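Only one structure is covered here, and it is reproduced in the block below.
The values are calculated or read from the model by the stated rules, or taken from the named source; none is laboratory data. Computed from a predicted model, the values in this text were never measured in an experiment. Glycine gets a Cβ as well: all are built from the backbone with ideal geometry, and neighbour counts include every protein chain shown. With ligands, DNA and RNA removed, areas are computed over all heavy atoms of the protein, side chains included. Shrake-Rupley method; radii C 1.70, N 1.55, O 1.52, S 1.80 Å.
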Amino acid sequence: MNRRIVLGCAMFLFTATPFFAQDTSSVVDAIVKEVNENSNLEALGHELMDDIGPRLVGTPQMQQAHDWAVKKFNAWGISAENQEYGTWKAWERGITHVDMVYPRVQSLSATQLAWSPSTSKKGVTAELVTLPNVNNEEEFKKWLPSVKGKFVMIARNEATGRPDDNWKEYATPASFEKMKQERTEQIQAWNENMKNMGHNKRSLIEALENAGAAGIVDSYWSKGFGVNKIFGAGTKKIPTVDIELEHYGMLYRMVEHGDKPQLNIVARSKDLGVAPTYNTVAEIKGSEKPEEYVILSAHFDSWDGGTGATDNGTGVMVMMEAMRVLKKLNPNPKRTIIAGLWGSEEQGLNGSSAFAEDHPEIVNNIQAVFNQDNGTGRVVRINGQGFLHSYDFLSRWLSAVPNDIRKEIETTFPGRPSSGGSDHSSFVTRGAPAFMLSSLSWDYWNYTWHTNRDTYDKIVFDDVRSNAILVAIMAYMASEDEQSVSKERIVLPIDQNTGKPQEWPTPRTAERKGGM
Ligand SMILES: [Zn+2]
């Protein structure tokens, strides 16, 4: 076919559509092309997860990540800064190396918990003990002095190291039911025994440390093959390590059989005092309504058993890539577009809460916040967060998103306001229209969320690319919209317990001096 004729037809079609729509479709096409053909996502993922690593609040790696992000934004021509909002205990993870040294030698899969006190270079060698079965507090107190100089195993021995879906697939229905029944009984007996000891987990650890235990050995299985959750230590002087299920179970059986296994635990770390905490805030200034804001939101910090790839490296990559593309293709947006990479979300939404507290002039003039924080999956749910007219503007913006991305997304309007869970709620609770872009799970809760397996290899780049396109288009549509959005809230339903209407959730206060 003749090229000139095709061009002629296209011209005709373009002049027949309104100016805004024509402009929109060409920018949308350019966004899709840029993200698909010139993606920076792989490089961002590698530099953040592999080179910098996990980003626990107060660590030098968190600081490196903030500095890295500012440099990246600047290299794309976007102004950015690290806004200090508080301080946190400063700690740096060192080597963890745990070996069974008696009755035979075996190196174990173990990780010290965040903020664990350091051992010497040689580590600590001691015998392992399990918790006793007791009938009352007196019996526990009688037993307690026997922990002096021993490592104490404080986690239950799991009934099985196979995830339930594996049992469901291969076990006979009768044996699957039997396993679940036995497991339930074991959990009940464990909880009953904790009550008899007169302790919860936190106070138990304190009692063991005060009684002279050499260290705490925990195991927090995450219900999948080879996966444990890694949180913070509760000890002040002795090391706390997590040992993966397979090795923990073996050690537990050895103790129960009277084998008297001994471990050598090397858990090195540095106590660095106190460190400032930051949010990285990047900005593309608006040209017509600079005092109105679109915010691309993702928390920057992580737990540190893995490298924080899906919680929340992928959210950060999406927001950074969207900013890069927006700056390149629409450098003078109508409204100001901000990327907020928040600190210390994991300890209670601290960075985003502090930003909202410190910048009422921004929070009161928000057109929309788009937050992502539940994994690598493509976005499949958006909820109107209780804003009465959210259907009008979110549907208008979504209509510009290519069908292959939009068709995956289930919307709920007007929805209900989030009281917590992730950083969008720091804005929703203050009445600002903020939305969580909820991802497809990809087994997030069991396999990557806060685990030792949250690493680069779990990133699904096709889904992340699709999210970067979605966010860039939604931000573009929100910033260029002729209308400023309505912030009218729904009347919440009656609370069945009180008989009164439920109240809009209240904002959290940022913790500005944490971990001390
Ligand atoms: Zn998260």
Taking the mean number of other Cβ atoms within 10 Å as a proxy for protection, how do you rank 384-396, 339-351 from highest to lowest? 339-351, 384-396
Using modelled backbone amide H atoms (1.01 Å from N, in-plane), which distant-in-sequence or interchain residues come within less than 5 Å of Y102's amide H? Q262
R0 = 51 Å: FRET efficiency of E503 with E288, Cβ-based, nearest 0.05? 0.90
For the chain, give the share of DSSP beta bridges that are antiparallel, in percent and rounded to the nearest 5; count only bridges with both residues there. 60 percent
Order these peptides, 454-460, 239-245, 127-133, by their mean beta-carbon neighbour count within 10 angstrom, highest first. 239-245, 454-460, 127-133
Taking protein heavy atoms only, a 1.4 Å probe, and rounding to whole percent, the accessible area of the chain owed to carbon and sulfur comes out at 51 percent
With Rh as the Kirkwood radius over Cα pairs, region 246-376 has Rg/Rh of 1.23
Looking only at region 74-216, where both bridge partners belong to it, what percent of the DSSP beta bridges are antiparallel (to the nearest 5)? 40 percent
List every residue whose amide H lies under 5 Å from the amide H of H299, counting only residues 5 or more places away in sequence or on a different chain, with H placed 1.01 Å from N in the peptide plane. W342
Give, in whole angstrom and from largest to smallest, the semi-axes √(5λ) of the equivalent ellipsoid of region 426-516, with λ running over the eigenvalues of the Cα gyration tensor. 31, 24, 16
Whole-number accessible area per residue in Å² for the chain, which is evaluated in the context of all protein chains at 1.4 Å: 45 Å²
For region 276-289, Karplus-derived ³J(HN,Hα) couplings (6.51, -1.76, 1.60; θ = phi - 60°; whole Hz; x for glycine and proline) come out as x, 10, 9, 10, 8, 10, 10, 9, 10, 5, x, 9, 9, 10
Could you tell me how many degrees, from 0 to 90 and to the nearest 10, lie between the Cα long axis of helix 461-480 and the main elongation axis, the longest principal axis, of the Cα atoms of the chain? 50 degrees
In nm, the gap between the two label points placed 7 Å beyond Cα toward Cβ at K168 and W445 is 1.2 nm
Counting Lys and Arg as +1 and Asp and Glu as -1 over every other residue whose Cβ sits under 12 Å from the Cβ of T87, the net charge comes to +1
What pairs from K71/K289; K229/K458; K236/K270; K201/K237; K195/K223; K201/K260 go past 19 Å between their alpha carbons? K71/K289; K195/K223; K201/K260
Kindly rank 182-193, 368-379, 264-275 from highest to lowest mean number of other beta carbons found within 10 Å of each residue. 368-379, 264-275, 182-193
In deg cm²/dmol and to the nearest 500, what is the mean residue ellipticity at 222 nm of the chain if only DSSP H runs of at least 4 residues count, each as -39500 (n - 2.57), divided by the residue total? -11000 deg cm²/dmol
Against the longest alpha carbon principal axis of the chain, how many degrees, from 0 to 90 and to the nearest 10, is the axis of helix 3-16 turned? 90 degrees
Placing each pseudo-label 7 Å from Cα in the direction of the beta carbon, E92 and D67 end up separated by a distance in nanometres of 1.1 nm
Which residues' amide hydrogens lie under 5 Å from the amide hydrogen of L272, considering only partners 5 or more residues apart or on another chain, with H built in the peptide plane? A90, W91, E92
Full extension between S486 and A75 adds, at 0.36 nm per residue less the Cα distance, a length in nm of 144.4 nm
How large are Rg and Dmax for region 337-471 when only the alpha carbon atoms are used, in Å? 15.1, 42
In a shell of Cβ-Cβ distance under 11 Å around A214, excluding A214 itself, what net charge do Lys and Arg (+1) and Asp and Glu (-1) give? +1
Among N371, S390, A356 the positive-end extreme of the charge dipole of region 345-400 (Cβ point charges): S390
Solvent-free Debye scattering, log10 I(q)/I(0), computed from the Cα coordinates of the chain at q = 0.05 Å⁻¹: -0.24
Theoretical FRET efficiency, 1/(1+(r/R0)^6), r = Cβ-Cβ of K270 and S26, R0 35 Å, to 0.05: 0.10
Applying the Karplus parametrisation 6.51 cos²θ - 1.76 cosθ + 1.60 with θ = phi - 60° to the phi angles of region 241-251, what ³J(HN,Hα) value in whole Hz is obtained for each residue in order, glycine and proline being reported as x? 10, 9, 10, 4, 3, 4, 6, 4, x, 4, 4
